[in-house]
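In what follows, a single structure is set out as structure tokens and then discussed.
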Amino acid sequence: MSAVNDTNFNSAVFLLTGIPGKEDIYLWISISFCLIYFISIVGNSVILFIIKTDPSLHEPMYIFLSMLAITDLALSISTMPTILGIYLFNSGEISLNACFAQLFFIHFVVKTESSVLVLMAFDRFVAICNPLRYASILTMPRIAKMGLVFVLRGVAIELPFPFLLKRFRYCQANILSHSYCLHQDVMKLACSDITVNNIYGLSMAVLTVGLDSMLIFLSYVMILKTVLNIASHAECLRALNTCVAHLCAVLLFYIPDIGLAVIHRFSNGTSHLLKIPLGYVHLLVPPLMNPIVYSVKSKHLRARIIRAFIK
């Protein structure tokens, strides 16, 4: 009997969900998603290329921006196959192992992007509150070590999720709420006790996204305290203007992420109309908007991009 159960487990599939009731216009919806992915991938790739090839942009702020672009590219690539598979080919099936791999990669990239936003907040804090020591504090070796630590943190936190899910049996209708796999969505389909998954998932969310958002908040409290002590009104606005792009990136990332987590854990499956669009906003909008916002707000980066395209 055990062998039969193992066979059924390994051959089982999950069914991903598009937009219910809109199946007749999936082709048109797919055009929108293709456009979003195209802009996201090209925009972040251009930023990476410009920063890599222009020595004048080899500064901490732009190094952190290149890290953000890498995580945005990874986030787009991790969701693209299943989303476009549904809307272009009406293919909503995904095997358990493929689903577990996707949810690990999505959650890992999300946690890493949260860490990058913390590093970018720290960069702005040092630049505004301690500008004379900026170059000595944020050296390239130190930036590389901080990036490596946060990547390892993401791997260590997210690696248990696939193994915690793999021990379950899924005997319910295996229909997921999104066009991609998320831990909080998959675990609800298990026939077993999911208390351990709930506790671990909630604890890790508080220790990562919760702690990261608190560190960003404290950084901006210190930044505001420093800026308000500046006598010149023009210098005060100039200092705050360097933080606008990062604040936009923070809001675009954390508001949908926290909202989706709350809905999944406390909605009891009754708010699909909010869950589906918020899920797309959570994973598709930051990679789309971050390169646009930074290209518009960063005068030096914008000038380099225009010069590259003119050439």
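Since every read-out is calculated from the coordinates, none of them should be taken as a lab result. Note that this is a predicted model, so its numbers are computed, not measured. No Cβ is skipped: glycine too gets one built from the backbone with ideal geometry, and neighbour counts run over all protein chains shown.
What are the semi-axes of the equivalent ellipsoid of region 160-285, taken as the square roots of 5 times the eigenvalues of the Cα gyration tensor, listed largest first and rounded to whole Å? Kindly include the intermediate steps, with their values, before the conclusion.
On the way: eigenvalues 311, 51, 20 Å².
With the √(5λ) rule applied to region 160-285, the semi-axes are 39, 16, 10 Å.
Within the P(r) computed for region 115-174, what percentage of the Cα pairs occupies the region above 12 Å?
Values: 1337 of 1770 pairs.
The share of Cα pairs beyond 12 Å in region 115-174 comes to 76 percent.
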Q. Where does each of CYS248, CYS99, CYS34 land when they are ranked from fewest to most other beta-carbon atoms within 10 angstrom?
A. CYS34, CYS248, CYS99
Q: Starting from the Cα coordinates of region 1-142, work out the convex hull volume and express it per residue in Å³.
A: 168 Å³
Q: List, in the order given, every pair from LYS166/LYS188; LYS52/LYS225; LYS145/LYS166; LYS52/LYS299 whose Cα-Cα distance in the structure shown is over 24 Å.
A: LYS52/LYS225; LYS145/LYS166
(Q) What lysines does LYS22 reach when the alpha-carbon gap must be under 24 Å and sequence neighbours fewer than 8 apart in one chain are set aside? (A) LYS275
(Q) Expected output is a single nm value to one decimal: the length gained when fully extending between LEU35 and ALA101, i.e. 0.36 nm times separation in residues minus the C-alpha distance. What is it? (A) 21.2 nm
Q: Specify the angular offset, from 0 to 90 degrees and rounded to the nearest 10, of the alpha carbon long axis of helix 96-129 from the longest principal axis of the alpha carbons in the chain.
A: 20 degrees
Q: Rank-order 38-48, 86-96 by packing density, defined as the average count of other C-beta atoms within 10 Å over each peptide's residues, highest first.
A: 38-48, 86-96
(Q) Starting from the 7 Å offset along Cα-to-Cβ, what nm value, one decimal, do you get for the label separation of GLU93 and MET222? (A) 5.4 nm
Q: Show me 140-149, 19-28 ranked by packing, highest mean number of other Cβ atoms within 10 Å first.
A: 140-149, 19-28
